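Data first, discussion second: the structure below is written as structure tokens.
What follows is calculated from the coordinates using simple rules that are stated; it is not laboratory data. These numbers come from a predicted model, not from an experiment. All Cβ positions, even for glycine, are placed from backbone atoms using ideal geometry, and neighbour counts span all protein chains on display.
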Ligand code: UDP
């Protein structure tokens, strides 16, 4: 495998430095704070609680809603506040990535709200948001089959590399963000942006799955840290 060193000094299969803290907010039912590279992300979970939006109510199951939001000051060029096409897409795919892990059938007519606030962004925020949201859902005490974890791989300078930074995302040739449930290996998010051969795609998928397993260890450590000291 390649010995190439990346613009930030990482090897092809190396994650950016990552830290996760569970239970950082008092008012939320569950919460988490995550940093990976230059990303800083805060997640608050509310629920399960009675659905206050009647049209979203399901008689036989609970419903998860996600809102991904980037702060105006989270990127170099000020981001216009409020939802846009990108944040609506990420909100939807995040809910879709998390839903398979949640045992929402235990909570008919209820709603779980997940708020993902990107305070600083540096590439890979959708995966980092999913990783942090999953920790916040566990912190909220919602029964889950597994912890969902997100990680991306991509192609930069003709090499398949793990966990693209913002520069690598912008200057690179492809980005493959995934989310998975590590116990079963079930993939709950798979996107692909850019050009990859079938061989490159398979390589990126394997690398992203390996990245997910590493990030999952950090998720578990964050939950152990919170719940073994209380
Ligand atoms: N970004 C930005 N302004 C925007 C949206 C994104 O500067 O309005 C940056 C940000 O650092 C983000 C990166 O571009 O993390 C890559 O964005 P992308 O849409 O690929 O999503 P992400 O990789 O964050 O999941």
Protection proxy (average C-beta count within 10 Å per residue), highest first, orders 184-190, 38-44 as 38-44, 184-190
Segment 135-216, relative contact order [Cα under 8 Å, separation at least 6], %
33
So what's the angle, to the nearest 10 degrees on a 0 to 90 scale, between helix 125-139 and the longest Cα principal axis of the chain?
40
In square nanometres, what is one fourth of the surface area of the convex hull spanned by the alpha carbons of segment 79-230?
10.4
So what is the 222 nm mean residue ellipticity for the chain from helices alone, if each DSSP H run of at least 4 adds -39500 (n - 2.57) and you divide by all residues, rounding to the nearest 500 deg cm²/dmol?
-9500 deg cm²/dmol
How tilted is helix 85-98 with respect to the longest principal axis of the chain? Cα atoms for both, answer in degrees (0 to 90, nearest 10).
70
Fewest Cβ neighbours within 10 Å first, please rank 25, 102 accordingly.
25, 102
I need the Debye-formula profile for segment 1-153: one equal scatterer per C-alpha, no solvent, reported as log10 I(q)/I(0) at q = 0.15, 0.19, 0.20 1/Å, two decimals.
-0.78, -1.14, -1.23
Share of antiparallel DSSP beta bridges in the chain, in percent to the nearest 5?
85
